Amino acid sequence: MRIEIAIIEDEAALYAERLMTAIPGIVAHGGRAEAEILPYCADATVLMGLAQCITPGMVTAARELRWVQALTTGVDPLMTMECLDARIPITSGRGIHGPQMSELAFLYMLNFARDIRAVLRDQRNKAWERRPQRLLADKTVVIVGVGLISEDLARRCKAFGMRVVGVSSRASAPGFDAMFPRERIIEAAAEADFLIAIVPLTPETEHIIDGAVLDAMPGRGVFINIARGPVVDEAALIERLQAGRIAGAALDTFVAEPLPPSSPLWPMENVIITPHIGGMSETYAEQILPLLIHNVRAFKEGSMSDLRNLVRAGRP
């Protein structure tokens, strides 16, 4: 079977080289942007890239397309792309993002607990100000969406002595002290020192964090979004932050990205903004290449049932 892969990613050349070394007989082309990779799409049987970077132009140009491999856990941009034939299978990069997502969540939690921004401001001003220091120990973290990333985060939270509560259809999961179904999310939010969204974006999870959920949080509570922007009602969140109804928010994803300069979130002292970096790491290629090599090998051998992280199986 002829396998020609078009890869869009900052390190696409590395991916292409490693795939061709591991699986003789395939051809892989890499590019950092659509204009660079588009000439190779016409003959591509496979497209690879971050889900948000695989464009309709690439899909339309790929007349021989038979499979799409996302390098991200979330594939919502691909699932809603009208020009991507529903017969084309889609696989994700699920299973590698636990360390980086968990560390970002801890960066946020420790910042709010120890008020690091105020400490750095005092350092710049040469001010010796001692403040009360909150601990993460014995605090309750409520994680909305329980999967591999959440299990990794839960394990780390337990190491800090935290109580971990999940909101999921699952009855239990490693590292969780309690589990609430989605219809009881308000009850779960009422216990949250930190309410963390890691749920995938689907029609069912859009605005799962709404005004009622935010109102249920204790006044000391901090909302953290490392999922997708639309899982939270952003207008409701802004209103609660402006009113001081919750202690703060740490946000890595937004409804509109990049976050517009006009957003009222930018100047808020009780908000930490990061530019959708949760899934990134300096070892990303090493983390995901074993999955890519396995899946390309299975695809080459015609073993579509052996593809890992199949999100959409496609249809004849």
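The numbers here are math on the coordinates, done by the rules we state, and not lab data. The structure presented is a predicted model; accordingly, all values stated were derived computationally and were not measured. Every residue, glycine as well, gets a Cβ built from its backbone with ideal geometry; the counts of neighbours run over all protein chains shown.
A few comments on the model shown:
- Gaussian network model of the chain, springs between alpha carbon atoms under 10 Å - residue of Ala235, Ala28, Ala62 with greatest fluctuation: Ala235
- Convex hull volume of segment 212-314 per residue (C-alpha atoms, cubic angstrom): 158
- For segment 251-302: rounded, prolate or oblate by the Cα gyration tensor [a/c cutoff 1.5]: prolate
- Placing +1 on the Cβ of every Lys and Arg and -1 on the Cβ of every Asp and Glu, with no other charges, gives the chain a dipole of roughly 740 debye about its Cα centre.
- Positive-end extreme of charge dipole, the chain - chosen from Ile246, Ile208, Gly74 (charges on Cβ): Ile246
- GluC sites (Glu not before Pro) lying in DSSP loop within segment 1-32, provided at most 15 other Cβ fall within 10 Å: Glu11
- Loop-located trypsin sites (Lys or Arg not before Pro) in segment 115-152 whose Cβ has at most 15 other Cβ within 10 Å (DSSP): Lys126, Arg130, Arg134
- Candidates Ile116, Ile90, Ile185: whichever shows maximal mean-square fluctuation once the chain is modelled as a Gaussian network with Cα springs under 10 Å: Ile116
- Its residues counted as N, segment 98-273 yields a C-alpha radius of gyration over 2.2 N^0.38 Å of 1.00.
- Selection of trypsin sites (Lys or Arg not before Pro), segment 205-311, meeting DSSP coil and at most 16 other Cβ within 10 Å: Arg220, Arg245, Arg308
- Of Gln52, Gln69, Gln123, the one that fluctuates the most in a GNM where the chain has Cα springs shorter than 10 Å: Gln123
- Cα gyration tensor shape of segment 1-61, rounded if a/c is under 1.5, else prolate or oblate by comparing a/b with b/c: oblate
- Neighbour net charge for Leu201 - beta-carbon separation under 10 angstrom, K R +1, D E -1: -2
- The C-alpha radius of gyration of the chain, expressed as a fraction of 2.2 N^0.38 Å, stands at 1.09.
- Between segment 147-164 and segment 166-218, the Cα center-to-center distance that results, in Å: 15
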